[in-house]
Amino acid sequence: MKLQTLVEYSLLIFLTGLYFAYLGFQANGLPFLIGVIVLYFISSYATKKVLTKYNMIEKKVSIFAGVITVIVTVFITMFLLNLLVI
């Protein structure tokens, strides 16, 4: 798995969780899909800018590290959402 893909997925999970919480967990339809698409473009652009700056655009990551990173991203997002509710 490429590091770029992993970072894009992690950012997308995090930003989509925050976006969904901002909408009050009642989002559906076209506005939600447009928002997620915009968030994907933002995360993709930011990832490419940062990784090219540090010359890590073609770096590979093991599958195990990728799965653990995605799981940790989900847990961090859920933890942050729980903190925002309290």
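The values are calculated or read from the model by the stated rules, or taken from the named source; none is laboratory data. Worth saying up front: this structure is predicted, and the values here are computed from it rather than measured. So basically every Cβ, Gly included, is an ideal-geometry build from the backbone, and we count neighbours across all protein chains shown. Remember, those area values only see protein heavy atoms, side chains included, never the ligands or the DNA or RNA. Shrake-Rupley method; radii C 1.70, N 1.55, O 1.52, S 1.80 Å.
Values computed for the structure shown
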{"read-out": "Region 1-61: chymotrypsin sites (Phe, Trp or Tyr not before Pro) falling in loop per DSSP and having at most 11 other Cβ within 10 Å", "value": "F25, Y54"}
{"read-out": "Cleavage-rule hits, trypsin sites (Lys or Arg not before Pro), region 26-86, DSSP coil, Cβ neighbours within 10 Å at most 11", "value": "none"}
{"read-out": "Estimated 222 nm signal from helices in the chain, with DSSP H stretches of n ≥ 4 weighted -39500 (n - 2.57), rounded to 500", "value": "-27000 deg cm²/dmol"}
{"read-out": "Per residue solvent-accessible surface (Å²) - the chain, probe of 1.4 Å", "value": "72"}
{"read-out": "Two-site FRET efficiency, F32 against K2, from Cβ-Cβ distance with R₀ of 25 Å, rounded to 0.05", "value": "0.35"}
{"read-out": "Y45 versus I63: modelled label distance in nm, points set 7 Å from Cα along the beta carbon direction", "value": "3.4"}
{"read-out": "Bins of 10 Å from zero: percent of alpha-carbon pairs in the chain", "value": "17, 41, 32, 10, 0"}
